[in-house]
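**Q** Just passing along the structure, written as structure tokens.
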Amino acid sequence: MVPSKDGPPVVAEFSERERAEITEALSGKYSTVVLCWPRRHGKTVATALIILWRFLTRTHQKMALVGNNEKQAIGVAFETVRGILEATPYFQPMMSGDSPSIVIMADKITYKPAKNEICAYANNSTALYGYKFALAQVTEYHAAKNNKAFDTAASATIDTEGGLVLIDSTVGSRTSPLYKLYKDAEDPESGVYYSHIYYANNDDAFANCPKWISLQALKHRSRTMLPLEWAQQHLNNWAMSSDTLFRPDVMARMTADAYPLDLDGLTAGRGFMSAAALDRAWGDSSHGDATVTSCVVKVREEEDECYYVVDSSAVDGSTGGGIKANFLRYEHEYKIKRAAFEVYNAQDVFNWAQTRDYDSKTISVNQNNKAAACKLLYTLAFEGRLKVHPSFTALIEELAVFEMALVAGGVPVFSHPVGGHDDHVLALAWAIWRLQDVDLNSYELHGVSCHAAPVMSSACILHGGTVRPLCAKECRSFAELALMYDQYVERAGCAPLSLLDFYRTKVTNIGVRVVNR
């Protein structure tokens with residue numbers, strides 16, 4: 001007997017889908033079973049019934065029910081198991097009399113004839129060491145800060161015939177340990193069965209929710225809960241419940257343009273500045289981390305400044321030679337003026353970079369610096385000012401799942417999902433970080449060198465006049481201006497400015513001015 005929506009206990013009922021999921025989970029093919037169902041769908045009741053089934057039909061079963069946190073020993077699952085035993089008439093004779101066969105205590109339930117016991121434990125790996133379990137159960141694993149307690153309890157079942165790990169939980173952030181199990185279940189050799197019941201949208205949830213859930217109450221919750229919480233708790237949808245930093249529409253806009261990757265084609269005479277950055281991993285990283293160099297060109301476009309990713313490359317073996325080769329290429333092809341290196345494991349490359357012709361700085365990868373860089377990355381993407389070429393697939397894959405979470409005090413933490421990586425993202429973030437304080441001109445003229453007579457030069461556009469003199473054909477400075485104007489006209493559309501207005505409003509002379517007197 002299980003709790004009902006009206007109060008009095010009722011016989012447990014599951015839908016065809018849930019029964020099929022439970023049947024497959026208990027087929028004997030799996031050592032880890034995850035019931036990942038939406039809230040109030042009966043996953044904890046199903047878990048409790050599985051525990052009681054083994055408790056009453058097998059012998060020498062020591063079962064661990066792990067609480068939700070380190071302080072909470074009596075978790076939801078233990079209370080549910082105890083409630084089912086106490087509410088089911090069949091078990092009453094077994095729990096009464098002078099010598100009951102089933103004894104319920106504060107944190108333990110024993111079945112003496114079968115030598116079975118169910119014990120409640122805090123979510124603390126230290127408290128779980130040294131035990132041998134036939135079954136270990138963990139509730140709401142998505143909220144676990146780490147997987148230490150889970151790993152300890154799960155390892156205690158491997159030397160028991162039919163040892164089983166049970167987890168009941170909704171989805172959560174893709175940085176949670178639960179997401180790793182979700183991905184592990186894709187491998188048929190993993191021994192993980194992941195029962196995932198979810199809804200694609202609100203209409204799906206309203207049409208197919210269990211009969212014991214009030215449809216009116218569910219609709220009310222959909223209107224009053226934050227979208228992220230609603231998606232996590234009631235839709236149980238990984239894609240919608242994870243707080244990814246870049247929404248699909250932002251990703252689509254950011255990666256839509258296959259812009260030129262050569263500097264001349266990209267800038268088309270406009271003002272620019274380039275920067276590069278390094279995110280370095282150990283050469284033998286056990287986590288599969290990569291060493292990545294990134295190069296970004298900041299270009300002035302009308303009233304905005306846009307950031308174009310022109311390279312995002314992994315360096316095989318994390319070798320210093322490979323890293324330096326990339327930076328030498330950035331010098332030659334993109335004329336980088338600034339560079340950033342994480343303090344971690346990059347001192348040798350930083351020392352070398354200080355001998356080059358660009359400004360190099362190290363960045364301490366602490367929570368504040370990382371948050372500031374990632375916020376800037378998000379702002380640029382949201383405003384449509386960050387452009388990622390479609391060919392940078394590794395970077396795009398990391399951006400699509402990069403997440404933000406709030407910890408105590410509302411501090412944002414940015415990270416990759418469990419089992420994922422963010423090396424390309426962080427290299428990009430540091431490169432952009434080095435360019436944030438750079439102000440660019442729309443078009444830059446690299447000096448004016450005039451050899452015409454004063455009467456001629458005073459009328460020239462380059463000297464404040466209004467005409468294009470005959471000597472413009474032989475003038476290096478005017479040829480540079482004319483090239484920039486032609487590039488501007490190609491981009492301006494149907495109503496470009498005149499050459500005079502273009503020079504007066506969009507061109508800045510950043511060089512020296514030489515004229516005849």
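Each value in this text was obtained by applying a stated rule to the coordinates, not by laboratory testing. Since we're looking at a predicted model, the values are computed, not measured. Glycine gets a Cβ as well: all are built from the backbone with ideal geometry, and neighbour counts include every protein chain shown.
**Q** Roughly how tilted is helix 320-334, in degrees to the nearest 10 and between 0 and 90, from the longest Cα axis of the chain?
**A** Between the helix axis and the principal axis of the chain, the angle is about 40 degrees.
**Q** Could you tell me the distance between the Cα centroids of segment 451-501 and segment 244-322, to the nearest Å?
**A** 35 Å
**Q** Please compute the length gained on full extension between Ser27 and Asp357, using 0.36 nm multiplied by the number of residues separating them and subtracting their Cα-Cα distance.
**A** 112.2 nm
**Q** Give me the dipole magnitude in Debye, nearest 20, for the chain about the Cα centre, with unit charges on the beta carbon: positive for Lys and Arg, negative for Asp and Glu.
**A** 800 debye
**Q** Taking every eigenvalue of the Cα gyration tensor of segment 430-505, multiplying by 5 and rooting it, what semi-axes result, largest first, whole Å?
**A** Whole-Å semi-axes of the equivalent ellipsoid: 28, 17, 11.
**Q** Right, another one. What's the longest piece of the chain with no exposed GluC sites (Glu not before Pro), counting a site as exposed if DSSP puts it in a loop and it has at most 14 other beta carbons within 10 Å?
**A** Here the longest segment lacking exposed loop sites spans 190-301.
**Q** Can you give the calculated 222 nm mean residue ellipticity of the chain, where each DSSP H run of n ≥ 4 adds -39,500 (n - 2.57) and the sum is split over every residue, rounded to the nearest 500 deg cm²/dmol?
**A** About -10000 deg cm²/dmol.
**Q** Within the set of other residues whose C-beta is less than 12 Å from the C-beta of Tyr358, count the net charge using Lys and Arg as +1 and Asp and Glu as -1.
**A** Net charge in that neighbourhood comes out at +3.
**Q** In debye to the nearest 20, how big a dipole does segment 49-132 give about its Cα centre with +1 on each Lys and Arg Cβ and -1 on each Asp and Glu Cβ?
**A** The dipole of segment 49-132 has a size of about 320 debye.
**Q** Note the listed values (1) 34.2; (2) 32.2; (3) 21.8, then indicate which one is mean projected area of the Cα convex hull in nm² calculated from this particular structure.
**A** Read-out from the structure maps to (2).
**Q** Let me know the shape class of segment 142-196, please: from the alpha-carbon gyration tensor, a ≥ b ≥ c as square roots of the eigenvalues, rounded when a/c is under 1.5, otherwise prolate if a/b is greater than b/c, or oblate.
**A** Taking the square roots of the gyration eigenvalues as a ≥ b ≥ c, segment 142-196 is oblate.
**Q** Quick one: compute the contact order of the chain, relative version, from alpha carbon pairs under 8 angstrom and 6+ residues apart, as a percent.
**A** Relative contact order here is 13 percent.
**Q** List the trypsin sites (Lys or Arg not before Pro) within segment 106-142 that fall in a DSSP loop (any state other than H, G, I, E or B) and whose Cβ has at most 10 other Cβ atoms within 10 Å.
**A** Answer in residue order: no site qualifies.
**Q** Quick one: length gained pulling Glu86 to Asp264 fully straight, 0.36 nm per residue minus the C-alpha distance?
**A** Stretched fully, the Glu86-Asp264 segment lengthens by 56.3 nm.
**Q** So, in nm, how far is label His451 from label Ala479 when the simple model puts each one 7 Å beyond its Cα toward the Cβ?
**A** 1.2 nm
**Q** A follow-up question, please. Counting every Cα pair in segment 2-197, what percent are over 26 Å apart?
**A** Pairs farther apart than 26 Å: 29 percent.
**Q** Ok, one more. Roughly how many nanometres apart are two label points built 7 Å out from the Cα toward the Cβ at Ser364 and Asn509?
**A** Here the modelled spin labels are 4.6 nm apart.
**Q** To continue, here is another question. What are the chymotrypsin sites (Phe, Trp or Tyr not before Pro) within segment 68-131 that DSSP puts in a loop, where the Cβ has at most 13 other Cβ atoms within 10 Å?
**A** Here the sparse-neighbourhood loop sites are Tyr129.
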